[in-house]
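Engineer: Encoded as structure tokens, here's the structure I'll be asking about.
The values are calculated or read from the model by the stated rules, or taken from the named source; none is laboratory data. In this text, all values refer to a predicted model and were calculated from it rather than measured experimentally. Every residue, glycine as well, gets a Cβ built from its backbone with ideal geometry; the counts of neighbours run over all protein chains shown.
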There are 2 protein chains.
Amino acid sequence: MNLPERQIAETGDANRLALEGFLPYRLARAAEIISRQFATLYRERHGLTRPEWRTLATIGQFDRITATEIGAHSSMHKTKVSRAIRALEERKWITRQVDDIDRRIEHIELTREGRTHYRDLVTLARSYEAKLVQTLGETGIGQLEAGIAAIERKHT
Amino acid sequence: MNLPERQIAETGDANRLALEGFLPYRLARAAEIISRQFATLYRERHGLTRPEWRTLATIGQFDRITATEIGAHSSMHKTKVSRAIRALEERKWITRQVDDIDRRIEHIELTREGRTHYRDLVTLARSYEAKLVQTLGETGIGQLEAGIAAIERKHT
DNA sequence: CTGCGGTGGTTGCGTTCGCAACTGTTCTGC
DNA sequence: GCAGAACAGTTGCGAACGCAACCACCGCAG
């Protein structure tokens with residue numbers, strides 16, 4: 001019974017909302033902080049944008065994959081994927097080859113150079129995650145992951 | 001000792017990264033899902049954009065406030081705030097008055113109409129948060145909040 | 001009182017975004 | 001075997017973004 005004690009406590013006034021206590025806001029803010037922090041790393045080191053990093057990470061994870069699959073796996077809109085692919089292709093980090101039997105489909109793979117960058121990106125990601133564990137603490141990370149997992153569970 | 005067991009387990013290959021298991025990605029995705037879901041509500045109901053909603057929420061929380069303060073409180077860039085304020089002013093939901101002694105400063109308040117919308121927005125937010133508690137579960141929410149709190153603690 | 005650094009807020013501009021429309025191709029049903 | 005639905009991927013376009021430059025104003029030093 002009567003659950004919103006927490007929220008009321010924050011402003012002391014039921015007719016106001018404390019933005020800093022509102023979960024969607026806090027979540028968005030937290031994600032923004034982490035995302036920006038990590039983005040700085042791969043931007044400075046590889047000159048990648050956020051969509052490009054996600055695309056590269058997905059291709060590297062699967063070796064050979066199509067654009068739509070990239071979008072599905074990395075939660076990105078078709079157009080973002082398309083543009084990221086073009087950018088990576090221009091850098092010669094990936095190649096595409098049209099499928100033999102279904103010519104709508106393009107299979108994307110990493111070039112040798114792309115693979116080099118991917119490997120470096122993986123260690124970068126691992127070390128950032130490790131640093132995160134260090135600064136937030138094992139329990140903090142665990143709680144965060146559990147909370148996120150709850151969201152993932154409900155929204156496919 | 002040896003902590004990254006979790007990550008290795010996800011791909012079964014230490015040279016690859018499982019995007020879907022990478023915390024920054026998962027966090028960004030979760031935030032995106034929640035943010036969009038809630039945004040749909042206030043967009044459909046009040047025709048507000050995300051910066052406008054944050055701005056309105058902040059003004060309503062403090063009655064009388066300046067643009068810089070709004071930015072600081074809602075983690076938004078000056079220009080976003082400036083444009084949101086203009087939009088809200090055009091709708092006649094807020095008024096500004098230049099400070100008497102320091103004429104660089106503008107004090108912003110809600111109009112009666114603005115206050116009406118704000119109140120509705122607050123109940124909308126509360127009910128969305130309640131729904132969130134319901135779908136994610138008390139423990140899920142608790143864990144998520146604890147995780148976010150860890151981030152907030154470290155990054156001011 | 002004057003010049004000059006700092007601050008509140010706005011604007012210009014190039015970039016990114018996401019929707020909708022499009023091209024080219026395959027699949028389906030008749 | 002042909003018309004139309006469905007699908008992979010691209011492109012055009014208006015809206016939103018964020019940076020840097022800017023304007024107006026304050027406050028301080030000399």
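Engineer: Given (1) under 30 Å from B:Ala149 (Cα atoms); (2) within 13 Å of DNA strand D (Cβ to nearest atom), identify the lone condition not met by A:Arg83.
Structural biologist: It is condition (1) that A:Arg83 fails.
Engineer: Counting just the residues of segment A:104-129 that are acidic (Asp, Glu) and part of a helix (DSSP H, G or I), which one comes out farthest from the other protein chains (Cβ to nearest Cβ)?
Structural biologist: Looking at residues that are acidic (Asp, Glu) and part of a helix (DSSP H, G or I), I get A:Glu113.
Engineer: What residue, of A:Thr49, A:Thr68, A:Thr58, A:Thr116, is away from DNA strand C (no atom under 15 Å from the Cβ) and surrounded by fewer than 19 Cβ atoms within 10 Å (Cβ to Cβ)?
Structural biologist: On the way: A:Thr49 fails: away from DNA strand C (no atom under 15 Å from the Cβ); A:Thr68 fails: away from DNA strand C (no atom under 15 Å from the Cβ); A:Thr58 fails: surrounded by fewer than 19 Cβ atoms within 10 Å (Cβ to Cβ).
It is A:Thr116.
Engineer: Does segment A:122-132 include one or more residues that are among the acidic types (Asp, Glu) and within 16 Å of DNA strand D (Cβ to nearest atom)?
Structural biologist: No, the conditions are met nowhere in segment A:122-132.
Engineer: Go through (1) modelled with pLDDT of 95 or more; (2) more than 11 Å from DNA strand C (Cβ to nearest atom); (3) more than 20 Å from the chain's Cα centre (by Cα) for B:Asp100 and report which single condition fails.
Structural biologist: (1)
Engineer: Considering only segment A:71-98, state which residues are surrounded by fewer than 18 Cβ atoms within 10 Å (Cβ to Cβ) and either touching a residue at least 40 places away in the same chain (Cβ under 8 Å) or part of a loop (DSSP other than H, G, I, E, B) (or both).
Structural biologist: Hits for segment A:71-98 are A:Ser75, A:His77, A:Arg91, A:Lys92.
Engineer: Taking into account only those residues within segment B:33-46 that are crowded, with 16+ Cβ neighbours inside 10 Å and not hydrophobic (A, V, I, L, M, F, W, C), which is farthest from A:Gly147 (Cα to Cα)?
Structural biologist: Checking each candidate, the answer is B:His46.
Engineer: Same structure again: Taking the condition away from chain A (no Cβ under 14 Å) and either more than 14 Å from DNA strand D (Cβ to nearest atom) or not in a helix (DSSP H, G or I) (or both), does B:Ile101 pass?
Structural biologist: yes
Engineer: Taking A:Lys92 and the conditions (1) more than 10 Å from chain B (Cβ to nearest Cβ); (2) out of contact with any Phe, Trp or Tyr (no Cβ under 6 Å at 6 or more places or on another chain); (3) on the phi < 0 side of the Ramachandran plot, which numbered condition does it fall short on, given that it satisfies the others?
Structural biologist: Of everything listed in (1) more than 10 Å from chain B (Cβ to nearest Cβ); (2) out of contact with any Phe, Trp or Tyr (no Cβ under 6 Å at 6 or more places or on another chain); (3) on the phi < 0 side of the Ramachandran plot, A:Lys92 misses just condition (3).
Engineer: So B:Glu44 ticks every box in (1) in contact with a Leu (Cβ under 6 Å, 6 or more places away or on another chain); (2) away from DNA strand C (no atom under 12 Å from the Cβ) but one. Which box is left unticked?
Structural biologist: Result: B:Glu44 fails condition (1) only.
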